[in-house]
Amino acid sequence: MTELSRRRLLTGSAGLVGAGLLGGCEAPSLSRLATPYDWSNGLTFAVQRWLLRNQPLVREFGPEAISSVFPTINTTDPDDPGYRTSKAVAFADWKLPVTGLVERPDAFSLADLKAMPARTQITLHSCEQGWSAIAGWTGVPLAHLLAKVGLKPEARFIVMRSVDGWWDSYDLFDALHPQTILAYGMNGQDLPIAHGAPLRLRVERQLGYKSLKYLTRIEAVDRVDGLGKGRGSMVAELGFPWYAGI
Ligand SMILES: Nc1nc2c(c(=O)[nH]1)N[C@H]1C(S)=C(S)[C@@H](COP(=O)(O)O)O[C@H]1N2
Ligand SMILES: [Mo]
């Protein structure tokens, strides 16, 4: 797939044929992940990109809309020796390495991240298990961090890993989206352990499972089909769509 047609896919200015999804040209990186089952996922992804081209922000709410109960799900207190040590010192020793296809690989402490420009957003979280809740999240826009380390032109995806073994990947459209933040605060407080302390991702236009908790590292890559079973994320290996747009 050419750079031009990929860019068209991302900006939504071309049809699906132009994007190579239906044509005979080399498959885009996304569909290299794909089994026949995943072709619908690829189509949904392209159609969403096209439909969302003029309305890229999700709705943000006022403080009165914040849910009194926000469920916690799956991992709520990672059973990892390093995590426990770090938790005992309020994550003062915690650092987030940002590596891969970047000009200036670096590692950032919680204090480093808190010193960066912050964004607060009150949004609706929807879990694939059938519940939704509204909360306010505060953190540094991922785009800011990526600009700081300098994405190399070959970078196409951002891979995130968590202390409990969860991992996922995001295309640059979502990674650089203004509402994609690395959150260290929730509803005006420090992010609670159960919700992913010290740092979780918020990817607001996809289902909750893309918003990884307990982040341990971030890596910029040019393709994701060499990772794990080649499906782009842990949840995709379990049968959920890699692209979970809502
Ligand atoms: N590392 C990690 N990230 C995760 C999960 C998890 O178990 N581990 N659960 C996911 C799912 S399915 C959802 S709905 C949200 C839940 O976030 P919450 O526990 O703050 O409600 O986190 C997502 N991110
Ligand atoms: Mo979920």
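The values are calculated or read from the model by the stated rules, or taken from the named source; none is laboratory data. Note that the structure is predicted; figures quoted are calculated from it, not measured. FYI the Cβ positions are ideal-geometry reconstructions off the backbone, even for glycines, and counts take in every protein chain you see.
Collect the residues in the stretch 209-226 that are touching a residue at least 60 places away in the same chain (Cβ under 8 Å), buried (at least 20 other Cβ atoms within 10 Å of the Cβ) and not acidic (Asp, Glu), keeping them in residue-number order. Spell out the reasoning first.
So in the stretch 209-226, the residues touching a residue at least 60 places away in the same chain (Cβ under 8 Å) come out as 209, 211, 213-225.
Those still in the list that are buried (at least 20 other Cβ atoms within 10 Å of the Cβ) too: 209, 211, 213-216, 218-220, 224.
Correct list: TYR209, SER211, LYS213, TYR214, LEU215, THR216, ILE218, ALA220, VAL224.
LEU124 - would you say it is modelled with pLDDT of 95 or more, in contact with a Leu (Cβ under 9 Å, 6 or more places away or on another chain), surrounded by 15 or more Cβ atoms within 10 Å (Cβ to Cβ) and not in a loop (DSSP other than H, G, I, E, B)?
Numbers: modelled with pLDDT of 95 or more: yes; in contact with a Leu (Cβ under 9 Å, 6 or more places away or on another chain): no; surrounded by 15 or more Cβ atoms within 10 Å (Cβ to Cβ): yes; not in a loop (DSSP other than H, G, I, E, B): yes.
Answer is no for this residue.
Inspect the stretch 220-227 for any residue being farther than 21 Å from SER132 by Cα, of a type outside the set (Lys, Arg), in contact with a Phe, Trp or Tyr (Cβ under 9 Å, 6 or more places away or on another chain) and not in a loop (DSSP other than H, G, I, E, B) and give the result as yes or no.
Just the residues of the stretch 220-227 that are farther than 21 Å from SER132 by Cα, to begin with: 220-227.
Pick out the ones that are also of a type outside the set (Lys, Arg) and you get 220-222, 224-227.
Keeping just the survivors that are in contact with a Phe, Trp or Tyr (Cβ under 9 Å, 6 or more places away or on another chain) gives 220-222, 224, 227.
Retained after the next criterion (residues that are not in a loop (DSSP other than H, G, I, E, B)): 220-221.
Scanning the stretch 220-227 turns up at least one residue that is farther than 21 Å from SER132 by Cα, of a type outside the set (Lys, Arg), in contact with a Phe, Trp or Tyr (Cβ under 9 Å, 6 or more places away or on another chain) and not in a loop (DSSP other than H, G, I, E, B).
Scan the stretch 162-178 for residues that are modelled with pLDDT of 95 or more, out of contact with any Gly (no Cβ under 7 Å at 6 or more places or on another chain) and not acidic (Asp, Glu) and report the count.
Taking the stretch 162-178 as the starting set, the residues that turn out to be modelled with pLDDT of 95 or more are 162-170.
When the remaining residues are screened for being out of contact with any Gly (no Cβ under 7 Å at 6 or more places or on another chain), the result is 162-168, 170.
If we keep only those that are not acidic (Asp, Glu) too, we end up with 162-163, 165-167, 170.
Counting residues in the stretch 162-178 that are modelled with pLDDT of 95 or more, out of contact with any Gly (no Cβ under 7 Å at 6 or more places or on another chain) and not acidic (Asp, Glu) gives 6.
Please state which of the following conditions GLY185 fails to meet, knowing it meets all the rest: (1) of a type outside the set (Phe, Trp, Tyr); (2) buried (at least 20 other Cβ atoms within 10 Å of the Cβ); (3) part of a strand (DSSP E or B).
Unmet condition: (2).
Applying the selection to the stretch 101-113, what residues are out of contact with any Lys or Arg (no Cβ under 7 Å at 6 or more places or on another chain) and either of a type in the set (Asp, Glu) or surrounded by fewer than 14 Cβ atoms within 10 Å (Cβ to Cβ) (or both)?
Residues of the stretch 101-113 out of contact with any Lys or Arg (no Cβ under 7 Å at 6 or more places or on another chain): 104-106, 110-113.
Those that are out of contact with any Lys or Arg (no Cβ under 7 Å at 6 or more places or on another chain) and either of a type in the set (Asp, Glu) or surrounded by fewer than 14 Cβ atoms within 10 Å (Cβ to Cβ) (or both): ARG104, ASP106, ALA111, ASP112.
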